[in-house]
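Input: a single structure, listed below in C-alpha cells.
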Amino acid sequence: MRLGILVLTTCILALPLRAQRPAPATASTERDTTKAAPIPNETSSATDHTIRVGGQLVPYRATAATMLLKNDKDESIGALYYTAYTRTDAKDASQRPLAFIYNGGPGSASAWLHMGAFGPRRVVTTDAAPTPPPPYQMVDNPNSLIDVTDMVFIDPIGTGFSKPVGKGTGKDFWGVDEDAKALAQFISQYVSRNGRWASPKYLIGESYGTTRSAVLGDRLQRDGMTLNGIVLISSVLDFETLLFAPGHDLSYVLYLPSYAATAAYHKVIPAPANMGAFMTEVRRYAMGDYAAALSAGATLPADRKAAVAKQVAAYTGLSEDYLLKADLRVPLRQFMAELQRSRGLVTGRLDSRFSGPLPDLLTENAPGDPQSSAVTGAFTAAANAYLRGELKFETQDRYVMGGGVQWSWAREGQRGWATTTYVGSDLAEA
C-alpha cells in the first residue's frame, strides 16, 4: 500500500531543496493587516467521476468547497478553499485512509501537487522544457492516489480561492504557528463534518509544506487527533540547511551532491560511468574532506584549499579560479548563474534540469527560475479552468498560485534572539 508508511522523505538529487529563503521574523504590528472581505456563506460543488488507476476503474466524488475558519471569539475570520476526492464504492468510508495535501512557499497554493502529482486529473506539461502557450490539456492521472486513499487538497489562506474575511487579516494566518493553528481547525472540522474520525489519517506536504506538517502534526496530536503517517516531499525541517548565511557552512556541504548531479545532467562535466557510484562518492567527499575544509575557515592551508577547489571543480564544472575566489562556498543562486554562463543560460532552481536565457552575462546571482517560468502559466490556467469548469465551483475570485504573503517566522514561546526556524522537535512529538 503506497501510504503504508510512517514517514517518507523524497529527495531528488538533481533538485535543490525547494523551500524559499525565509524573511526575518517581524513584529505583529509590522505584518500584513490587509482588509478582509465580507463574510461569505460556505459554498460547495460536488461532481461524480471515474478514473482507471492501477488496472481498476475507480468511481469518485470531487467536492470543491469553502469552509469558514474562526478565531477564539467564534468570529469568522477566514474562508478556506479545498478540493476533496472520495472514492464512492468503498464498503465503509469511515475506515478508508484520508490524506490532507498541500504545497509550501510559504504562500503557495496546492495546485502543484493537486494537478501535477496526486489528483485524479493532471495538466500536461513539457518535461524539462518550457510548456507551449495555451490551449492546455487536462488528462486522467494514472498515478493518482485515489485508488488507495481519499484526498483533501488544501489552499491555505492567501492562496487559491482562500482569503481572510470579516475581522480577519493576514497576520491571523501568515506565520509558522498561526498557519498550523488554522489548518488544524480546518482538518478537525472536516473530519467531524464528514464522519472521518475513525479513518487512518495522513499529512502530505512539499517544501515548506513539510515544515507545516511537523508543526501541524504536533498540534493535531495535542488536540487529540492521532495521525497514521506524515509524508515529506523535498523536506526542510531546519532552515539553516538552505540559508547559505555567513558563518553557516552546512548548506554548502548538503548542496554539493545536487550541484554535481546537475552538472552531470547538463554535460558540464564528463558523464560518470556509473551515476549511482558517482553520487555516493560526491556525498562522501562533501561530508568528509569538503566539510572539514570549510570548518577550518581562515586557518585552511593554501595548498589544501587549492586541492579542495580542484576536486569541487571536477564534481561541479565550476572553475578552480571561481571556487577559490568564492572561498570554496557557492550559494545556490550563484551556482544557477555560473554553471552554464558560457552558454548564456541560467540553470533551474526548483527543477535543475531546466535552463533559460541568462539576460545579463555579468550577473552574480540568477535573476529568476526558468523551471517556474516554464510551467506556471499552464498550472494557473489549468487550475482556473478545471475548478470552475469540470468541478463547477462558482466564484469571481482570482485563483492565487502563490506569493504576496508577509510571513512571520517567530514561534510561540520563543525567547531571546530570533533564531532560524527549526521544527524537527515538533515532528518528533507529532
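Scan the chain and hand back the longest stretch that contains none of the chymotrypsin sites (Phe, Trp or Tyr not before Pro) lying in DSSP loops with at most 14 other Cβ atoms within 10 Å.
No qualifying site falls inside 198-416, the longest such stretch.
Taking the Cα centre of each part, how many Å lie between region 207-231 and region 319-359?
36
Connecting C-alpha atoms closer than 10 Å in a GNM of the chain, tell me which of V231, V123, V268 has the biggest fluctuation.
Result: V268 has the largest fluctuation of those listed.
What is the distance in Å between the Cα centroid of region 153-195 and that of region 73-148?
When both Cα centres are located, 17 Å separates them.
Residues in region 84-115, backbone N under 15 Å from the label point at L57 (7 Å along the Cα-to-beta-carbon vector): list them, ranges by number please.
Within reach of a label on L57, which here means backbone N under 15 Å from a point 7 Å along Cα→Cβ, region 84-115 contributes 88-89.
Would you kindly state how much longer the chain becomes between D289 and K267 on full extension, computed as 0.36 nm times their sequence separation minus their alpha carbon distance, in nm to one decimal?
Numbers: separation 22, 0.36 × 22 = 7.92 nm, distance 2.48 nm.
Extending this stretch completely gives an extra 5.4 nm.
Over the residues of region 244-368, compute the C-alpha Rg and express it relative to 2.2 N^0.38 Å.
Numbers: Rg = 14.0 Å, N = 125, 2.2 N^0.38 = 13.8 Å.
Normalised by 2.2 N^0.38 Å, the Cα Rg of region 244-368 equals 1.01.
Per the helix-only calculation at 222 nm, which mean residue ellipticity applies to the chain, given -39500 (n - 2.57) for every DSSP H run of n ≥ 4 and division by its residues, nearest 500 deg cm²/dmol?
-8500 deg cm²/dmol
At what distance in nm do the modelled label points of S44 and V124 sit from each other, each positioned 7 Å from its Cα along Cα→Cβ?
Modelled inter-label distance: 3.5 nm.
Write down the percent of antiparallel bridges among all DSSP beta bridges whose residues are both part of the chain, to the nearest 5. Spell out each step's value before the answer.
Working: 37 of 57 bridges.
Beta bridges within the chain, antiparallel portion: roughly 65 percent.
Points 7 angstrom from Cα along the Cβ direction at E429 and T226: gap in nanometres?
Using points 7 Å along Cα→Cβ, the separation is 1.9 nm.
How high is the relative contact order of region 244-368, in percent, counting Cα pairs under 8 Å that sit 6 or more residues apart?
On the way: 140 pairs, mean separation 28.3, N = 125.
Result for region 244-368 is 23 percent.
Give the relative contact order (percent, whole number) for region 100-240; include only Cα pairs under 8 Å separated by 6+ residues.
26
What distance in nm separates the simple spin-label points at Q95 and R304, each placed 7 Å from Cα in the Cβ direction?
Once both label points are built, they end up 6.3 nm from each other.
Quick note: the coordinates plus some simple rules give every number you see, no bench work behind them. From a predicted model like this one, the values you see are computed outputs, not experimental measurements. A quick note on method: Cβ atoms are made from the backbone with ideal geometry, for glycine too, and the neighbour counts reach across all protein chains shown.
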